[in-house]
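Notes follow the structure.
The values are calculated or read from the model by the stated rules, or taken from the named source; none is laboratory data. Fair warning: this is a prediction, and the values are worked out from it, not measured in the lab. Backbone-built Cβ (ideal geometry, glycine too); neighbour counts: all protein chains shown. The area values use the complete protein model at the heavy-atom level, side chains included, leaving out ligands, DNA and RNA. Shrake-Rupley method; radii C 1.70, N 1.55, O 1.52, S 1.80 Å.
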Amino acid sequence: RLLDLGGGAGTNAIAFCQVYPNITATVFDLPATLPVTEKTVKEAGFESRIALRAGNFNQDELGGPYDIVLMSDILHYQTFETNQALVKKVYGHLTSGGRLVIKDRFLDEAGTGPAWTTAFAVHILVNTQRGACFKTADAMHWMTKAGFGSLEELEKTAVVQGVKG
């Protein structure tokens, strides 16, 4: 069972279902987003394998338990503290041995690259109330504080993973 947290139109959940025939997924997003998600999922033919769950992931129950939670491009809209609390919340909704995969635009350790991420960081600073770009080390810190083990950077400045012990 996959939870695509803040999954938008459901394209990540659809991609997982296309590759893994035994997976079921839940796309969790704001109620206003889910009509688009529903349309996309139906057009892809996965309405029997992809469920939709409406809510605010910082406030509402996430369901589960899940074997994997994907957080893709949602962290940069929130504060360090809010993200830390969300990662801890996700930990509680995973099965033992479950994985949290975070995909975002992470800054390098110096905070000066990659170039696309630094440009995006300026965009986020100007266009959000609390958003910021974070470092890979920040995501790993949140995971460690939540209790995740076996932390791994799967793709430099883009994807990190933690396993629930």
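Within the range 39-97, the set of residues being within 22 Å of residue 135 (Cβ to Cβ) and over 15 Å from the mean Cα position of the chain (by Cα) comprises 81 only. If you filter the range 1-42 down to residues that are charged (D, E, K, R) and in contact with a helix residue (DSSP H, G or I) (Cβ under 9 Å, 6 or more places away or on another chain), you find that the one that is farthest from residue 95 (Cα to Cα) is 29.
In this structure, does residue 160 turn out to be under 20 Å from residue 82 (Cα atoms) and modelled with pLDDT under 95?
Details: under 20 Å from residue 82 (Cα atoms): yes; modelled with pLDDT under 95: yes.
Yes.
When the strands (runs of 3 or more DSSP E) confined to the range 1-100 are screened for residues that are open to solvent by 40 Å² or more (accessible area, probe 1.4 Å) and without any contact (Cβ under 8 Å) to a residue 60 or more places away in the chain, those reaching at least 2 such residues are found at 50-54.
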